């Protein structure tokens, strides 16, 4: 399983759950007679409703112990407070179904069969009301599941290098070049373009590179609230950031604007940020010696393969990742 939301089971809708509970109860009742039939029907219906609703709740991860990356991402996409409220209501309904069973069981036992049948029907009506009362909550959880289970396979516990910069500066080309066949594409629910996720192995350690178009390729003031929350999530995942800039301006953004975005990223991320000027092969030779690019940590050309490996090695070194050693029980 790649992330904690991928394995969430299908959420039953209110009408589906009521039909399932009552149809199974009817089949159970047909196999018996008298009080046994009524009791079996009540037990079957309440158990199905209570268990199914409880399973909906327990399938979700505990947001208090969830990695901040996933918690912030969930908050950006669906809102954690709203999710908590939905889950709380559904758990209430699960417990209420069990309460109804214990309320009606003794009544039915002490009644004549015709009265017992009326009590069972009353219990069924109340069970239906309880499930319908949380119908909106079940629907909200279903939509949240659909949005969260398709998150890209980004693993915040792996050493991670975020690749940032304006569009068309060479971010995806760099990720493709250094990760080769291990590169994949996926989408966040709130981005219009695909996220590039690649992996590279160094000294038997797998490093994760992510390029997140729609998030780290625009100034903070241009991000909407959801995108800003998603960037906050990335802050918890990234161990280093490579900011790629295009000094030729061919990307469509002035170099000053690119530098300003880099400065914003440096201020935002409390991790090493490396400034890499790409497209070195298109820079006039005179410009390389006149101090125009003295703020660059590296000059690189992905197209020509110049300094690509050097930049990757520098990023890995900046991560400074040390795997946890197993605890010696002795």
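Please treat every number below as a calculation from the coordinates, not as lab data. The structure displayed is predicted, hence computed values, not measured ones. In this analysis, Cβ positions are derived from the backbone assuming ideal geometry, glycine residues included, and neighbour counts consider all displayed protein chains.
In units of 2.2 N^0.38 Å, what is the alpha-carbon radius of gyration of segment 14-148?
Numbers: Rg = 17.7 Å, N = 135, 2.2 N^0.38 = 14.2 Å.
Dividing the Cα Rg of segment 14-148 by 2.2 N^0.38 Å gives 1.25.
Once you have the Kirkwood Rh of segment 1-69 from its Cα pairs, apply Stokes-Einstein at 25 °C and 0.890 mPa s and quote D in µm²/s.
Numbers: Rh = 14.1 Å.
Result for D is 174 µm²/s.
For segment 160-319, what is the relative contact order in percent, using Cα pairs closer than 8 Å and at least 6 residues apart in sequence?
On the way: 278 pairs, mean separation 39.9, N = 160.
The normalised contact order for segment 160-319 reaches 25 percent.
Can you sort 5, 22 so the residue with the fewest Cβ neighbours within 10 Å comes first?
On the way: 5 23, 22 18.
Going from least to most buried by this count: 22, 5.
With a cut-off of 8 Å between alpha carbons and a minimum separation of six or more residues, what is the relative contact order of the chain in percent? Walk me through the numbers on the way to the answer.
Values: 510 pairs, mean separation 53.9, N = 330.
RCO, the chain: 16 percent.
Sort 172, 2 so the one with the fewest other Cβ atoms within 10 Å of its own Cβ comes first. All intermediate terms of the calculation are to be shown ahead of the outcome.
On the way: 172 20, 2 12.
Going from least to most buried by this count: 2, 172.
For a quick check, take a GNM of the chain with Cα springs below 10 Å and name the residue from 168, 72, 224 with the largest mean-square fluctuation.
224
What is the Cα convex hull volume of segment 160-319 when expressed per residue in Å³? Could you put the intermediate results ahead of the total?
On the way: hull volume 17.3 nm³, N = 160.
Cα convex hull per residue, to the nearest whole number: 108 Å³.
Using only Cα atoms, what Kirkwood radius does segment 102-150 have, in angstroms? Don't jump to the answer; show the numbers that get you there.
Working: mean 1/r = 0.0768 Å⁻¹.
Mean inverse Cα-Cα distance, inverted, gives 13.0 Å.
Report the far tail of the P(r) of the chain, meaning the percent of Cα-Cα pairs longer than 39 Å.
On the way: 20154 of 54285 pairs.
Of the Cα pairs, 37 percent sit more than 39 Å apart.
Per residue, what volume in Å³ does the convex hull of the Cα atoms of segment 193-256 enclose? Please report the intermediate quantities before stating the final value.
On the way: hull volume 7.9 nm³, N = 64.
Given the Cα convex hull of segment 193-256, per-residue volume reads 123 Å³.
Hey, in the GNM for the chain with a 10 angstrom Cα cutoff, which one of 52, 278, 203 fluctuates hardest?
Greatest mean-square fluctuation among the candidates belongs to 203.
How do 266, 222 line up, fewest other C-beta atoms within 10 Å first?
222, 266
Of 313, 221, 105, which is the most mobile in a GNM of the chain whose springs link Cα atoms less than 10 angstrom apart?
Judging by the Gaussian network model, the answer is 221.
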